[in-house]
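Asker: Quick one: the structure is below, questions incoming.
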Amino acid sequence: MPDDGLRKRKTGSKPEKEPPQNATADEPEFDIDSAALLQYLKILWIPLLLCFGLFVYINPSTLSDIASFWIESDDWQTSPGSSTKSFVGLGADIEKRDAVVEAFKHAWRSYERDAMGDDEYHPISHKGSNLTQAGGIGYTVIDSIDTMLIMGLEDDYARARKWVDTRLSFDRDAEFNTFETTIRVLGGLLSAYELTDHDKLYLDRAIELADRILPVFDTPSGLPLPNINLGKREGVSDPYLPLLVSTAEVATLQLEFRYLSYLTDEDIYWEKVESVMRTIKENQMPHGLASIYMHVETGQFVPSAIRLGSRGDSYYEYLLKQYLQTNQTEDVYRQMYDHAMAAVHENLITKSPYTRMTYTSELIPERNSGGQLSWRLTPKQDHLACFFGGSLMLGATITGASTLPVSIPPRQSEFMDHGKRDWKDGVELIKTCVDTHDTLTGLSPEIAHFRIPSDGMIDVLSKSGVPADWYIKGASPGAEAPYDARYMLRPETVESLFLAFRLTGDIRYRDWGWDIFQSIEKHCKVETGGYATIMNVDEVPSRKEDKMETFLMSETLKYLFLLFEDASVLSLDKYIFNTEAHPLPIFSPHIRTGFS
Ligand code: DMJ
């Protein structure tokens, strides 16, 4: 190898050092002042070093921060989601925030005009309806109250309060879903109590409702029955699946009943829901995941689908939030959450084939002829699973933004053991959920299927010219739209955008949220009042269904409002949001500290 002792410069690379064009060979390199300065520095470096050493001794995280800045800043933080480059601060975007308030007014005031007090609203026929023949339980009114309070809509709020005071009745001889009644009505009452500086009306009604619900827990396992006859105070099984209960439904009552226990100092609410968590822990499946059904007598998991979507979703959400709710004093929930997250990462988080999008698959149980159980990975993601990106980011930092202030965006030293993994995947999952809005309406379908090599589908090119990574199953131009193609005003993507923005201050989350809001305005708004589910996200003009889900006012518009509101409003270090977006305060329990 020819070697003249000098490293050869790569062809075309920049010259290492060129003399300045006007320099002459005999000019001195330093003038006299520079030389004196060098002398001083030689004398000063020892005290400077000592000072730096003392500073690091007092602030030990400095070194790791510097190291992580150099080593990883352009990897984990910048590319997957957050960086100081797009940091816009956490102040309000008043114009956009106020546009969301107008949307809420459009929804609420038409409901009030056409259906005040009814459980549900049908904006096209301008009618209301109740969940049962026995009369309403304030489903829509109570689900919407805290949003009015947060938005400062005093007159609307005053009328809603009056309705609760004078017209609300839970004495209904009919069956109501335990989970839905808890998250919407009990959660709404508790949140209203908190945000009104403890208006006793709401606490009294919350106690009454919770007492009527309590009989559902009288089962051999302590797992609650799915339905409650509020008038008779009797738990009722699902007539089609009498021995089964859904995992998300039994494990998504805890924030509400625990907070009520804290407020009333009555142990019974706490004990009933905690015993559910104990049963779940004792019966954990070997891989740490939770199938969507449990046996109400034995308390065991029953082979059934495993997913972050329907009937699975808020089980994972409440594991983290129970830990955050009590100021991180109950380690058992952190352990259960960490265990579950490891299993989710190992088994459910998947990459799409073309653009390597991150999504969550489902596992479907199958038995062979010998009765042996195996699990089939299915590339299907419900819109419901889109809560998970923001939730992963929330759980990724050492504090969950509660006991200690966390930097925004967080520093390396502020992550949990697996925090970087969760943060990164959380950001990626949000990007995927945003990508599922790449439809003719700009809204995402109820269910997206992702491409796998064996799906037998012909490649359809996406806008960027590569084959599309996801599709709506059963959808084809001109044909009747499948159920999967609808958008029913769901909040999960904007919920994640809200959390991600609060944790990063990154403008991109606001931009995406604004796009979604504008699509809702354009395609779901009913001009005569209210908003409606649309039947097919890939059809314009949109065809509407005569239904406005209550979570539009409790969740979707609340999260959009908070996305553009100043971050000091309902800050994440003081509140957790129940799964229906009702904020409940973080508190330190005096006596009860969970189970181990
Ligand atoms: C809400 O009722 C709750 O968020 C629940 O956990 C599941 N999703 C709906 C809204 O999509």
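The values are calculated or read from the model by the stated rules, or taken from the named source; none is laboratory data. From a predicted model like this one, the values you see are computed outputs, not experimental measurements. Note: ideal-geometry Cβ built from the backbone for every residue, glycine included; neighbour counts use all protein chains shown. Surface accessibility is based on the protein's heavy atoms, side chains included, excluding ligands, DNA and RNA. Shrake-Rupley method; radii C 1.70, N 1.55, O 1.52, S 1.80 Å.
Asker: Select, from Ile534, Ile507, the only residue that is closer than 25 Å to Phe388 by Cβ and open to solvent by 10 Å² or more (accessible area, probe 1.4 Å).
Answerer: Ile507
Asker: Here's something else I'd like to know. When the residues of region 449-469 are filtered to those that are modelled with pLDDT of 80 or more and assigned to a loop (DSSP other than H, G, I, E, B), which remaining residue is most open to solvent (accessible area, probe 1.4 Å)?
Answerer: Taking the candidates together, the pick is Ile452.
Asker: Let me ask another. Please count how many residues of region 383-417 are modelled with pLDDT of 90 or more and either among the hydrophobic types (A, V, I, L, M, F, W, C) or within 16 Å of the ligand (Cβ to nearest atom) (or both).
Answerer: 13
Asker: Criterion first (modelled with pLDDT of 95 or more, touching a Cys at 6+ places or on another chain (Cβ under 6 Å) and open to solvent by 10 Å² or more (accessible area, probe 1.4 Å)) does Glu446 satisfy it?
Answerer: no
Asker: Okay, next question. Is one or more of the residues making up region 294-313 open to solvent by 40 Å² or more (accessible area, probe 1.4 Å), without any contact (Cβ under 8 Å) to a residue 40 or more places away in the chain and away from the ligand (no atom under 16 Å from the Cβ)?
Answerer: yes
Asker: Suppose the filter is at negative phi and open to solvent by less than 40 Å² (accessible area, probe 1.4 Å); does Pro353 pass it?
Answerer: No.
Asker: While we're on this one: Looking for something surrounded by fewer than 19 Cβ atoms within 10 Å (Cβ to Cβ), free of Cβ contacts under 8 Å to residues at least 24 places away in the same chain and within 21 Å of Ser496 (Cβ to Cβ) - is there at least one such residue anywhere in region 392-406?
Answerer: yes
Asker: What number of residues within region 249-275 are in a helix (DSSP H, G or I), aliphatic (A, V, I, L, M) and buried (at least 23 other Cβ atoms within 10 Å of the Cβ)?
Answerer: Selection size over region 249-275: 4.
Asker: If I ask for residues that are buried (at least 19 other Cβ atoms within 10 Å of the Cβ) and not in a helix (DSSP H, G or I), which ones from region 420-438 would you list?
Answerer: Matches in region 420-438: Thr436 only.
Asker: Something else about it: Kindly indicate which of Gly231, Gly222 is open to solvent by less than 20 Å² (accessible area, probe 1.4 Å) and part of a loop (DSSP other than H, G, I, E, B).
Answerer: Gly222
Asker: Also, I was wondering about something else. Name every residue in region 141-157 that is surrounded by fewer than 15 Cβ atoms within 10 Å (Cβ to Cβ) and outside any helix (DSSP H, G or I), in order of residue number.
Answerer: Gly152
Asker: Which condition from (1) under 22 Å from Gly426 (Cα atoms); (2) surrounded by 21 or more Cβ atoms within 10 Å (Cβ to Cβ) is the one that Arg486 breaks?
Answerer: (1)
Asker: Let me ask something else about it. Can you run down the residue pairs with Cβ atoms below 8 Å, 6 or more apart or on separate chains, where the first is in region 113-131 and touching a residue at least 60 places away in the same chain (Cβ under 8 Å) and at positive phi and the partner is surrounded by fewer than 17 Cβ atoms within 10 Å (Cβ to Cβ) and assigned to a loop (DSSP other than H, G, I, E, B)?
Answerer: Note: pairs meeting the criteria are His126/Thr528.
Asker: Right, another one. Filter region 540-590 for residues that are more than 14 Å from the ligand (Cβ to nearest atom), at pLDDT 95 or above and among the acidic types (Asp, Glu) and give the result.
Answerer: Residues satisfying the conditions are Glu545, Asp546, Glu565, Asp566.
Asker: Next question. Anything in region 491-502 that is in contact with a Leu (Cβ under 7 Å, 6 or more places away or on another chain) and either surrounded by fewer than 24 Cβ atoms within 10 Å (Cβ to Cβ) or more than 28 Å from His126 (Cβ to Cβ) (or both)? List them, or say none.
Answerer: Matches in region 491-502: Glu492, Leu497, Phe498, Leu499, Phe501, Arg502.
Asker: In addition: Among the residues of region 589-596, is there at least one that is open to solvent by less than 20 Å² (accessible area, probe 1.4 Å) and of a type in the set (Phe, Trp, Tyr)?
Answerer: no
Asker: So if I check each of Lys431, Lys380, Lys420, which one is at pLDDT 95 or above, among the charged types (D, E, K, R), more than 16 Å from the ligand (Cβ to nearest atom) and within 18 Å of Ala500 (Cβ to Cβ)?
Answerer: Every option except Lys431 fails the conditions.
Asker: Provide a single number: the residues in region 158-177 that are surrounded by fewer than 24 Cβ atoms within 10 Å (Cβ to Cβ) and in a helix (DSSP H, G or I).
Answerer: Qualifying residue count for the region: 8.
Asker: Here is a check on your reading of the model: is Glu480 loosely packed, with under 15 Cβ neighbours inside 10 Å and acidic (Asp, Glu)?
Answerer: Spelling it out, Glu480 is indeed loosely packed, with under 15 Cβ neighbours inside 10 Å and acidic (Asp, Glu).
Asker: May I pose another question? Would you confirm, using the coordinates I've provided, whether Gly138 is on the phi > 0 side of the Ramachandran plot and either crowded, with 17+ Cβ neighbours inside 10 Å or among the hydroxyl-bearing types (Ser, Thr, Tyr) (or both)?
Answerer: Criteria met by Gly138.
Asker: Within region 216-234, can you find the residues that are under 30 Å from the mean Cα position of the chain (by Cα), touching a residue at least 40 places away in the same chain (Cβ under 8 Å) and under 10 Å from Thr178 (Cα atoms)?
Answerer: Pro224, Leu225, Pro226, Asn227, Ile228
Asker: Restricting to region 457-515, give me the number of residues that are touching a Phe, Trp or Tyr at 6+ places or on another chain (Cβ under 8 Å), closer than 20 Å to Pro379 by Cα, aromatic (Phe, Trp, Tyr) and within 16 Å of the ligand (Cβ to nearest atom).
Answerer: Result for region 457-515: 0.
Asker: Can you tell me which residue is nearest to the ligand (Cβ to nearest atom) among those in region 171-215 that are in contact (Cβ under 8 Å) with a residue 60 or more places away in the chain, of a type in the set (A, V, I, L, M) and farther than 16 Å from Leu253 by Cβ?
Answerer: Leu195
Asker: Turning to a different aspect of this structure: Checking the conditions here, which among Glu495, Glu527, Glu521 is of a type in the set (Asp, Glu) and in a loop (DSSP other than H, G, I, E, B)?
Answerer: Result: Glu527 is the single residue among Glu495, Glu527, Glu521 that is of a type in the set (Asp, Glu) and in a loop (DSSP other than H, G, I, E, B).
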